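A short worksheet on the structure shown next.
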Amino acid sequence: MILRRSVLACLVAVLLPLAALADQPMIYARHGKAVGGYDVVAYFTEGRAVKGEMRFNVMWKGAVWLFSSMRNRELFEANPRAYAPRYGGYCAYGMARGEVIASAPDAWAIRDGRLYLIHNRDLMGRWESDAPGEIALANANWPGALRN
């Protein structure tokens with residue numbers, strides 16, 4: 001019995017600090033909702049940020065994804081990687097610098113068929129001034145930056 005308690009105490013002592021060092025989640029989800037509850041398919045089909053509805057939701061990669069219509073939900077379910085934002089929805093500008101930063105649903109761009117989210121509209125101009133270079137830097141940092 002004493003041995004069992006000792007082993008358990010050692011496991012807790014080792015595993016508890018490791019839990020504190022856990023990686024960032026692969027998908028940035030504000031309040032459990034990917035892209036702050038916005039419909040990622042609508043960026044492609046409507047060319048704008050559209051708030052999703054809870055009745056059209058999908059659980060994917062540990063986050064709830066909301067959609068504005070059943071059709072958009074079905075498109076996402078058929079090929080989620082085609083619509084999911086790069087870098088798990090974290091800020092592409094920050095990822096180019098190896099930083100894991102929250103993004104805003106209204107600061108976005110589509111380049112070469114991929115959705116990129118940025119922290120805010122103020123950073124959009126900087127990111128867009130050299131989007132190919134920013135993307136190359138961010139690609140080199142993803143997903144390793146999640147472990148920093």
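The values are calculated or read from the model by the stated rules, or taken from the named source; none is laboratory data. Owing to the predicted nature of the structure, the values given are computational and were not obtained by experimental measurement. Because the Cβ atoms are built from the backbone with ideal geometry, glycine has one as well, and the counts that use them run over all protein chains shown.
For the reader, a short list of remarks on this structure follows.
- Scanning the range 32-75 for residues that are of a type in the set (A, V, I, L, M, F, W, C) and closer than 18 Å to W108 by Cα yields a count of 11.
- Test result for L123, over 12 Å from the mean Cα position of the chain (by Cα), assigned by TED's automatic domain parsing to the domain that holds T45 and modelled with pLDDT of 95 or more: no
- Among residues of the range 117-129 that are free of Cβ contacts under 8 Å to residues at least 60 places away in the same chain, those with a Cβ under 6 angstrom from a residue that is among the charged types (D, E, K, R) and surrounded by 12 or more Cβ atoms within 10 Å (Cβ to Cβ), sequence gap 6+ or separate chain, pair up as W127/E134.
- Whether a residue is farther than 25 Å from E128 by Cβ, of a type in the set (A, V, I, L, M, F, W, C), surrounded by fewer than 10 Cβ atoms within 10 Å (Cβ to Cβ) and modelled with pLDDT under 95 was assessed, and L11 does not pass this test.
- Residue in the range 92-132 that is surrounded by the most Cβ atoms within 10 Å (Cβ to Cβ), counting only those that are aliphatic (A, V, I, L, M) and closer than 17 Å to G37 by Cβ: L117
- For the range 85-120, the set of residues classified as within 15 Å of the chain's Cα centre (by Cα) and among the small types (G, A, S) consists of G88, G89, A92, G94, A96, G98, A102, S103, A104, A107, A109, listed by residue number.
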